[in-house]
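In what follows, a structure is listed as structure tokens, so that the remarks can point back to it.
Nothing in this text is a laboratory measurement; each read-out follows from the coordinates by a stated rule. Every value quoted in this text rests on a predicted model; they were computed, and no experiment measured them. Glycine also receives a Cβ, built like all others from the backbone with ideal geometry; neighbour counts cover every protein chain displayed.
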Amino acid sequence: MIINKYLDELNKSQREAVENTDGALLVLAGAGTGKTKVLTSKIAHIISLGKANPSNILAVTFTNKAAREMKHRIGQSLGSMVEGMPWLGTFHSIGAKILRIHPELVGLKSDFTILDTDDQLRLIKQIIKLENIDDKRWAPKLLLSYINTFKNKGLMPTEIEYNQDFQFADRKASDLYALYQNRLSILNSADFGDLLLLSLNLLKNNADILDRYQNIFSYILVDEYQDTNVAQYLWLRLLSQKNYNIACVGDDDQSIYGWRGAEVDNILRFESDYPGAKIIRLEENYRSTQKILGAASGIISYNKDRLGKTLIANIRDDGEDVHIRSVWDAENEARLVTDEIESKQRKGAGLEDIAILVRASFQMREFEDRFIISGIPYRVIGGPRFYERQEIKDAISYIQVVSNPNNDLKLERIINIPKRGIGNSTLQTLNKIARSNNISLFLAAKQIIETDEIRGQTKIKLTNFVNSIELWKNEKSIIHHTDLVKKILDESGYTEMWQNDKSPTASGRLENLKELIGQIDEFDSLDGFLEHVSLVMELESDSATEKVSLMTLHAAKGLEFDNIFLPGWEDGLFPNQRSLDEKGNNGLEEERRLAHVGITRAKRSLWITYALHRRVYGLWQQSIPSRFIDEIPEKYKDFDAEYINTNNYYQQEHQSKYIDFNEGHSNTKDFYQQEVRTSMETAKRKIPAWKRIRKNHEITINADFQEIDIKSKTNFILGQRVFHEKFGYGKIIDINQLKLEIDFEKSGIKTVLESYVKIH
């Protein structure tokens, strides 16, 4: 019998959730506990019992992929009956379907078009221009972000109360929002946010329509309920009020998308929204070992705003301890991770079973470079590789044009980025002159600005661009190459362009630019850096079947790997300081949920690393281990600080809370050269973290800030044969401050502190 087949495959809690068909139900499904199986089995069960026809079930999720998987699994249980489920899809696809049936009630026609982000931005620019607003001072993307925020909260223009935070060009953003919505109606168009917002208002303002859909939807099932925004929440509340048969599956401990409108409170207040609702916890995990789950549970237990559950491994083997390692810097971090990946390869692990999850995308660069050097194939999930990112390609194009103004391809890319009034018609004119005279675009530009062929503002803008390129080229031999790149990005307006951009990706792009600056500083010249980039890009084109996965923690949700590496567990980086500053304790709790998500991606092996120092904007900054490391129960930790000896370093004669590695660098406070010296006030706020350092490394730290002379004398010389207790015999190939780079006879190249090495 079909019923017995799918029910027999469920554990006790899963079966209870499936068989509770009537009334409000919240299934708290922890990571790896089989929530999708429960959701699909529940739909199959309702249909098999004859409680509802497939056409009377509303099943919503967040992605088309999840919807397809759900439909496939139901089909495995019910066969062709699944084809009769017209209301299985994403929130937005269901919303669009309802609007197509009743378009006239929201001021549209049935053939309305759905605008993408580019179309939205183009329309907003038109409105800004018509309203005589300076788009250079007031970025169109800022207004777009305001409008998207309003729609996520389910607010029409007339429902928005005055808020100082939502002003645009000294006007209420709601007024411009109203103009935008009116223009959409005239164009017979809706944007992505409208699919839910207009559908919500349709139900709110038309009792007969609401009653119709309440009667259609006998049962409502919702996936990933913790990720719903206010508009989705209100939409579900309206549709479920009559039959009260709503089953939501979610995990408050995995609510990590607050930055895009998700409200964790939606799942936290489920019981108060639906009095008498039943809550069933799925706690049997089929993915990870108990030690990995113990580490995740230890961290998440520090969150106060949660419904609470304890994950228990279905796997009998407790598995490995969570490996926690300290390293000197990001370079050593990448080397450690790479060494461990190679070790796992030698033991038979496949690269497809390995993933590195970072908090911020700029962290990827060190790993990408290391993988290329080591010949380890990799893929970046959720975005392009570091050197393929828009902002990095733009910045490198500027550098290449300054090095060689006759590089037409790169000049075309940056001549009007940021917008400087040099449009396609001007570029076509330049191309025509260049072809006719067999010269480069740059020389054509120099030629045309001496004539009257172009006039007005276009001529002025082109002249300024040409003069800037020549100025920067002349300064190439005068100022430090890192300072030159900062100057180019600042004076070209490129940095300011992203600073004014209010899209969710803008801050990440700025961080990537900072990382690029730090990398450039590692090279002796711009030409050396450009040669490195060319080599990297050529090597990246190679294909391979198996690859290590590299992604952000946010992109990793829903995925799983045998071996997970979590680098950069340092306060300020993770938990992210911006999140703490903007959201306070709520931000900290979301960061902690993100840590929980990262840990629970691991099935067999988990490595957490933190660097004692990171280069930020080309300057060295001392790091503090993440507070999340302390929150992992000791019984699950394998902590080994031997990889890099911190004790000897911190117990020198000149002890300090801050190490100034930046002698010779400018202290100007531009975007890339912000002062990174930790203030006394900051140090006081981070006292608990410093206590952790003392505990983990037995460090004694003075109260005063002092500089350390890291160029202290060494007893070692290049080429010297030495011995290390862990790595054996080797030869010194580089001496860098207190660190020695040694080619060990059996262990390969490692970087260690000299105190761990004996002359042989």
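Put the Cα centre of the stretch 580-620 next to the Cα centre of the stretch 171-250 and the gap is 35 Å. Here the simple spin-label model places points 7 Å from the Cα toward Cβ, and for ASN215 and ASP527 these points are separated by 8.1 nm. Less than 5 angstrom separates the built amide H of GLY572 from those of GLN577, all sequence-distant by 5 or more or on a different chain. DSSP beta bridges confined to the chain are antiparallel in about 35 percent of cases. Ranked by the mean number of other Cβ atoms within 10 Å of their residues, highest first, the peptides 171-183, 511-523 fall in the order 511-523, 171-183. When the trypsin sites (Lys or Arg not before Pro) in the stretch 286-356 are filtered for DSSP coil states and for at most 14 other beta-carbon atoms within 10 Å of their beta-carbon, the remaining sites are LYS304, ARG316, LYS347. For the stretch 309-323, the Karplus equation 6.51 cos²θ - 1.76 cosθ + 1.60, evaluated at θ = phi - 60°, returns couplings of 6, 10, 7, 10, 6, 6, 6, 5, 5, 5, x, 7, 5, 6, 7 Hz by residue, with Gly and Pro reported as x. With a Förster radius of 56 Å applied to the C-beta separation of GLN577 and ASN437, the computed FRET efficiency comes to 0.55. The lysines whose alpha-carbon is closer than 22 Å to the alpha-carbon of LYS153, local same-chain residues fewer than 8 away aside, are LYS97, LYS141, LYS172, LYS204, LYS502, LYS583. Fully extending the segment from TYR729 to GLU634, taken as 0.36 nm per residue of separation minus the present Cα-Cα distance, adds 30.8 nm.
Packing here is the average count of other Cβ atoms within 10 Å per residue, and on that basis the peptides 227-238, 119-130, highest first, run 227-238, 119-130. Taken over the C-alpha atoms, the stretch 21-155 has Rg and Dmax values of 20.4, 63 angstrom.
For ILE324, nonlocal amide neighbours, meaning residues 5 or more places apart or on other chains whose placed amide H falls under 5 Å from its own, are ILE608, ASP638, PHE639, ASP640. The H on the amide N of VAL548, modeled in the peptide plane, is under 5 Å from the matching H of TYR378, ARG379, each at least 5 residues off or on a different chain. Express the Stokes-Einstein translational diffusion coefficient of the stretch 304-394 in µm² s⁻¹, to the nearest whole number, given a Kirkwood radius over alpha-carbon pairs, 37 °C and a viscosity of 0.692 mPa s. Value of D from the Cα-based Kirkwood radius: 205 µm²/s. According to the calculation over all Cα-Cα pairs in the stretch 115-187, the P(r) per 5 Å bin from zero is 3, 16, 31, 28, 17, 4, 0 %. When you filter the GluC sites (Glu not before Pro) in the stretch 427-485 for DSSP loop state and at most 13 other Cβ atoms inside 10 Å of their Cβ, you are left with GLU450, GLU453. The GluC sites (Glu not before Pro) of the stretch 141-250 meeting both criteria, a DSSP state outside H, G, I, E and B (loop) and at most 12 other C-beta atoms within 10 angstrom of the site's C-beta, are GLU161.
Normalised by residue number, the volume inside the convex hull of the Cα atoms of the chain is 196 Å³ per residue. Can you show me the helix-derived [θ] at 222 nm for the chain, built from DSSP H runs with n ≥ 4 at -39,500 (n - 2.57) apiece and divided by the number of residues, rounded to the nearest 500. When only DSSP H runs of four or more count, the value is -13500 deg cm²/dmol. Within the stretch 274-317, which residues have the backbone N less than 11 Å from the label spot 7 Å out from ASN20 along Cα→beta-carbon, could you tell me? Those under the cut-off are 276-282.
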